[in-house]
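Following: one structure in structure tokens, then a few remarks.
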Amino acid sequence: MDKSGIFVGGAMGAMIVIVIFTILIISPPESIKPEIKTDEIDANANKEIESPYSKNFSLIEIFEKVEPGVVRINVQRGDASENIGGVGSGFVFDKKGHIITNAHVVEDAKKTTVTFLDGRSYYADIIGVDEFTDIAVIKVNADLSLLQPLLLGDSSELKVGEPITAIGNPFGLSGSMSSGIVSQIGRLLPTDSGYSIPDVIQTDAAINPGNSGGPLLNMLGGVVGINTAIQSTTGEFTGVGFAIPSQTVVKIVPTLIKNGEYQHPWIGISGRDIDIDMANVMELEDTIGFLVITVIEDSPASKAGIIGSDKTIQVDGIDYSIGGDIILSVDGIDVRKIDDILIHLQRAKSVGDEMVLEVLRDSKITETTIVLQERPNRD
């Protein structure tokens, strides 16, 4: 899987080589009174993606409707004397006190506090974390009047160019709003987990350190994403921000609330997209598909007989691995590149499901069915 991207945790202004993917949290600490209580999980809370609105709202109207459901999250990572921590954002998911944020916001947290619009603060329990999608659920035993769940919009309906808005705590400035458009959808966001996050929303709405975990909203007032990262050379916003789509939230969050973790389906291959150079080397007619180079032992792909590359040739001084299967489609969906496989896994598949691969092998097209297993962690 793609490991080319870099997440830089915590501090502002971090820089790695030329381009980095920066996690959007900052570091002032805050002390708050404890108040935690374990409640039963509401399995039906906020499980549908819908909006009660039939028209677009102005930015002013959206802010007034949504602001009470957006929270500030302070995290202490070391001893209080060490002053190690960060500030991020989150939003209320249900009346049980569940709050959605980014996994990297609460990573290694010894103490997590949530502050609501009126300034009241509560300690939070970490209920579930999924590092593979950068989603976390925390829970507070707060006054019911403070728990104003945000409605989830449908990220699958987003169009490039559509106006959107982000609300959060950039640089610790609580309740800040920015606006822009959907710049692209279906992006693949590299992470330091060893796997990329698929189906990510790209936006030019200003997102800065402290915005992590806050909502990205459409003009109906629905949450269509969780702000998670920026592409930058300085650690500050330069016009390219990323958000985890609400489709992913709806799939992952209920399981995090119930089980504390989420099992991701996995094929067990690595390889490369077929570009024009690879197509010429392999004498292919089209620049579509994904070439399997490596098949991991005992993986679903291995058990199904998927073949990896078995030789390397050199053309113009460049080594090309060839001889492996070329995946042309999954469950009837055309594969132009690895993104298409990963998005289909994220949107439609679970551990134990079957998936039909159409592969090109030795100039012949065949179909192979694999049974998906749980994705292993990568150290």
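Here are the numbers:
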item: Strands (runs of 3 or more DSSP E) within segment 118-173 that include 1 or more residues in contact (Cβ under 8 Å) with a residue 12 or more places away in the chain and farther than 30 Å from PRO265 by Cβ; result: 121-123, 163-168
item: Residue that is surrounded by the most Cβ atoms within 10 Å (Cβ to Cβ) [pool: residues in segment 174-222 that are on the phi > 0 side of the Ramachandran plot and not in a strand (DSSP E or B)]; result: GLY213
item: Unique residue being more than 25 Å from ILE185 (Cα to Cα), touching a strand residue (DSSP E or B) at 6+ places or on another chain (Cβ under 6 Å), outside the structural domain of ILE135 (by TED's automatic domain parsing) and not in a loop (DSSP other than H, G, I, E, B) when the list is ALA279, ALA301; result: ALA301
item: Some residue of segment 198-209 being under 10 Å from the mean Cα position of the chain (by Cα), farther than 23 Å from LEU150 by Cβ and not β-branched (Val, Ile, Thr); result: yes
item: All positions within segment 360-379 that are part of a strand (DSSP E or B) and within 24 Å of PHE132 (Cβ to Cβ); result: ILE370, VAL371, GLN373, GLU374
item: Test: residue in segment 248-267 that is part of a helix (DSSP H, G or I) and in contact with a helix residue (DSSP H, G or I) (Cβ under 8 Å, 6 or more places away or on another chain); result: yes
item: Of all residues in segment 45-78 being more than 23 Å from the chain's Cα centre (by Cα) and at pLDDT below 80, the one that is surrounded by the most Cβ atoms within 10 Å (Cβ to Cβ); result: TYR53
item: Residue satisfying all of: in segment 67-99; in contact with a strand residue (DSSP E or B) (Cβ under 6 Å, 6 or more places away or on another chain) and outside any strand (DSSP E or B); farthest from GLY213 (Cα to Cα) among these; result: ARG77
item: Selection within segment 304-326 - part of a strand (DSSP E or B), touching a strand residue (DSSP E or B) at 6+ places or on another chain (Cβ under 8 Å) and at pLDDT below 95; result: LYS311, THR312, ILE313, GLN314, ASP319, TYR320, SER321, ILE322
item: Sole residue being touching a residue at least 24 places away in the same chain (Cβ under 8 Å), assigned to a helix (DSSP H, G or I) and of a type in the set (A, V, I, L, M, F, W, C), chosen from LEU345, LEU357; result: LEU345
item: Qualifying residues in segment 286-298 (those that are out of contact with any helix residue (DSSP H, G or I) (no Cβ under 8 Å at 6 or more places or on another chain) and in a strand (DSSP E or B)) - the one nearest to GLY352 (Cα to Cα); result: THR294
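The values are calculated or read from the model by the stated rules, or taken from the named source; none is laboratory data. Since this is a predicted model, take the numbers as computed values, not measurements. Positions of Cβ are backbone-derived with ideal geometry, glycine not excepted, and every protein chain shown enters the neighbour counts.
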